[in-house]
Amino acid sequence: MEASASAWSSVNSGIVLSLLAVLWTVLWNNLQGLQLQHFFGRHFNRHARRLAAIVDPYLTVTVAEYDGGRMKRSDAYREVQAYLQRATCAAAGGVRHLKAEPAKGADALVLSMGDNEEVADVFRGATVWWLAYSTPPREDAGAGFYWGGRAARADRRFYRLFFLERDRDLVLADYLPHVRREGRVVMVKNRQRKLFTNLAGDHWDDEGVWSHVVFEHPKTFETLAMDPAKKKEIMDDLDAFRKGKEYYARVGKAWKRGYLLHGPPGTGKSTMIAAMANYLDYDIYDIELTSVRTNTDLRKLFIETTNKSIIVIEDIDCSLDLTGKRKKKKKKAADSDDGKNNDKKDGTPGSSDEEEKDKGSSKVTLSGVLNFIDGLWSACGGERIIVFTTNHVEKLDPALIRRGRMDKHIEMSYCSFEAFKFLAKIYLGVDAHHLFDAVQSLLREVDMTPADVAENLTPKGAGDDADTCLAELIRELEKAKAEKAQAKAGGKGKAVAAEEEVDDDDDDDDGDDE
Ligand SMILES: Nc1ncnc2c1ncn2[C@@H]1O[C@H](COP(=O)(O)OP(=O)(O)OP(=O)(O)O)[C@@H](O)[C@H]1O
Ligand SMILES: [Mg+2]
């Protein structure tokens, strides 16, 4: 008896709910017609949509931040995010929790919706809703899976689009492509060039394995002192690369180019990278190789870089044991060449104690770096320039710098007279000066880096002008010349002394023999 009463009451409540839902749907559709939806939308948007969905099913499309396997941030997700930034600004009244990020321009902010917020959008008369949400990582995240690690252990973020069945064709065929197109426009408009760096440790931010600051380096090719012909050659090379999409596709090469910048400290290698990035309007990814634990992590870093970027590894000779052997634990290093074995050791559950101890020390090998530059994965995406810098090109493994890997070798050398004239123009505003001849003949005899020349040409006080700065430079050059002569004499003296000592020894020997 009791059972049938409770069954009856549940049937009743079911009918009531259905009736309510039908009523609400009718009301809602009418409200849309009466253009009052905007008012109600602001307050009841989500509840209305959910209630109406009981009888008039909504379709949904989910855009995940990471494609399958969490290898790479999805382009579609970024585009939807950018599109919704604009939609959010337009409908900011309806969204209660906004996220703000600095935008291009002094005081500007870009607004986007926070988690679990929803925003409505109208496209050719059809209303759709976007919901932003995230879910915690799966419990088994990062364990055993090839692309596990930090990415897998971060929250999983999504955008979900709700729309009415009757708008299916419109949304799928027209609206979604429209969102992606518009998203790209917004991305270009809001784009700020960034300087990325990889972090050691378990940090994981919006940009995945990379952290960034806005890139604002003042150096351009206009202010970079080097032989004008050489400079032009580099700029032409960069132009050809930038416009080379079809060429690279035609010859079947990945759209990337390697530059090796070598030369003594202070000759402008890092400065050249900044000038290149400014010239091409590319982002910079500065890889600190010693913070990369394994070859797999290195690959992951590469995959997470975006197009139109310069990937930099500075002082490659210091960051890597170039014999390809690891200094410690050779066997382990060999293991680290094998991605799958290796990933298990990536600080994920299941690592052995010994492996945990090893955590933190870099196990990147030469073969890992070679793979990074021109392995199969390097063809993911395109329009990337890879730059290595070194002070000791002769120490590098030939495999690392052969053409095809490092396509262009650029020697950054000590300051030539041409480069000096260039610096004098920039720093002092002079094209010619009676002290130039003296500088020219001294520069032929002594090596001075552009960094040192620039420092000497920098006015230090209110009274400094071209005369005093050039005189200061000449003084420094003469000092360097004297030191060089002294060193040479000292060297010669030592050599002579050593020779004499050898002779003495020989005499002694002769004496003994006798
Ligand atoms: N060719 C150049 N033209 C203009 N300025 C230069 C040039 N070379 C160096 N400088 C100046 O010297 C400073 C040091 O240069 P930079 O850091 O680029 O040298 P580097 O070759 O990267 O040295 P290191 O090998 O020690 O990293 C910079 O502040 C830069 O302004
Ligand atoms: Mg440098």
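Some observations on this one:
- Residue satisfying condition, being within 16 Å of ligand 2 (Cβ to nearest atom) and not assigned by TED's automatic domain parsing to the domain that holds Glu79, within set Leu280, Leu260: Leu260
- Taking the numbered list (1) under 24 Å from His217 (Cβ atoms); (2) more than 14 Å from the chain's Cα centre (by Cα); (3) not hydrophobic (A, V, I, L, M, F, W, C) in turn, Thr296 passes all entries but (1).
- Single unsatisfied condition, Lys231 versus (1) within 16 Å of ligand 2 (Cβ to nearest atom); (2) surrounded by 19 or more Cβ atoms within 10 Å (Cβ to Cβ); (3) assigned to a helix (DSSP H, G or I): (1)
- Filter pass, Ser309 being more than 16 Å from ligand 2 (Cβ to nearest atom) and under 14 Å from the mean Cα position of the chain (by Cα): yes
- The requirement of being more than 30 Å from Thr365 (Cβ to Cβ) and either acidic (Asp, Glu) or surrounded by 14 or more Cβ atoms within 10 Å (Cβ to Cβ) (or both) is not satisfied by Asp297.
- Region 261-320: number of residues that are within 14 Å of ligand 1 (Cβ to nearest atom), of a type in the set (A, V, I, L, M, F, W, C) and within 18 Å of Arg384 (Cα to Cα): 10
- When Gly368, Gly381, Gly429 are checked against the criterion of being at pLDDT below 80 and either aromatic (Phe, Trp, Tyr) or more than 16 Å from ligand 2 (Cβ to nearest atom) (or both), a single residue qualifies: Gly381.
- Residue within region 215-224 that is more than 9 Å from ligand 1 (Cβ to nearest atom), closer than 30 Å to Lys99 by Cβ, assigned by TED's automatic domain parsing to the domain that holds Thr296 and in contact with a Lys or Arg (Cβ under 6 Å, 6 or more places away or on another chain) present: yes
- Test: residue in region 350-363 that is within 16 Å of ligand 1 (Cβ to nearest atom), modelled with pLDDT of 50 or more and of a type outside the set (Phe, Trp, Tyr): no
- Qualifying residue in region 318-340 (condition: modelled with pLDDT of 85 or more and in a helix (DSSP H, G or I)): no
The values are calculated or read from the model by the stated rules, or taken from the named source; none is laboratory data. Everything quoted here is computed from the prediction, not taken from an experiment. Glycine also receives a Cβ, built like all others from the backbone with ideal geometry; neighbour counts cover every protein chain displayed.
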